[in-house]
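The numbers here are math on the coordinates, done by the rules we state, and not lab data. For clarity, every value in this text was computed on a predicted model and none was experimentally measured. Quick reminder, even Gly has a Cβ in these numbers, built from the backbone with ideal geometry, and neighbours come from all protein chains shown.
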Amino acid sequence: MDDITIRPAREDEAAAYRDLRLEALLNHPEVFSSDYAAYVGKPLSYWSERLRLAGTEGVAMMYFAAHGDELVGMCGIFCGDSPKTQHSATVVSLYVRPTWRGQGLGERLVMACVDWALDQEVKMVKLAVVTTNTPAIRCYACCGFRVYGIEPQALLHDAVYYDELLMMRPT
């Protein structure tokens, strides 16, 4: 694991980010609210802009797990956008390529987001995870997240509804 770096995303990594995100959406459509078909045709400029916005100080951050020049995982976080919600942040888009799973990369990515939230003086970090995604639930629990509710039928994919666990942890 010494050869894996967890670091903030860079705008010049838009093509690699696009490939990683589309892989996640294509291979695991039941766990992401975003849909592959809606994103596959987006131009590279769209992905560059997402990375630019994901690095907006105090607002959002995207972290990559990198093995040399290859992106093998990602996780993002963003703060509430109003004065009434800026005390909380939301973790999104956790994904680790299958060949890199089981090595603690998910936990390292999530904890990078939690550390970012601490630096922003955020009081709590939240997320939602499909109830059938046991490895992700285990990852989040290892990072100190606890269930505070369930959103029934949060996602619909291939005529199947998926509930989501709502999880949080104080910073």
* To do: Kindly provide the Kirkwood hydrodynamic radius of segment 50-124 in Å, to one decimal, from all pairs of distinct alpha carbon atoms.
  => 12.8 Å
* Structure fact -> Proxy exposure order for Val40, Val91 (fewest C-beta within 10 Å first) is Val40, Val91
* **Residues of segment 106-135 with amide N under 17 Å of the 7 Å Cα→Cβ point at Ile150** => 128-135
* Counting other beta carbons within 10 Å of each Cβ, put Met62, Met168 in order, fewest first. => Met168, Met62
* Structure fact -> Checked against the structure, the computed Cα extents along the principal axes in Å among (1) 51, 40, 33; (2) 52, 37, 27; (3) 41, 38, 34 is the one labelled (3)
* Tell me, Tyr140, Tyr162, Tyr46 in order of fewest to most beta-carbon neighbours within 10 Å? -> Tyr46, Tyr162, Tyr140
* Asked: How much length is gained on full extension from Val160 to Gln86, taking 0.36 nm per residue of separation minus their Cα-Cα distance?
  -> 23.2 nm
* Using 7 Å Cα-to-Cβ label points, what is the Arg10/Ala141 separation (nm, one decimal)? -> 3.8 nm
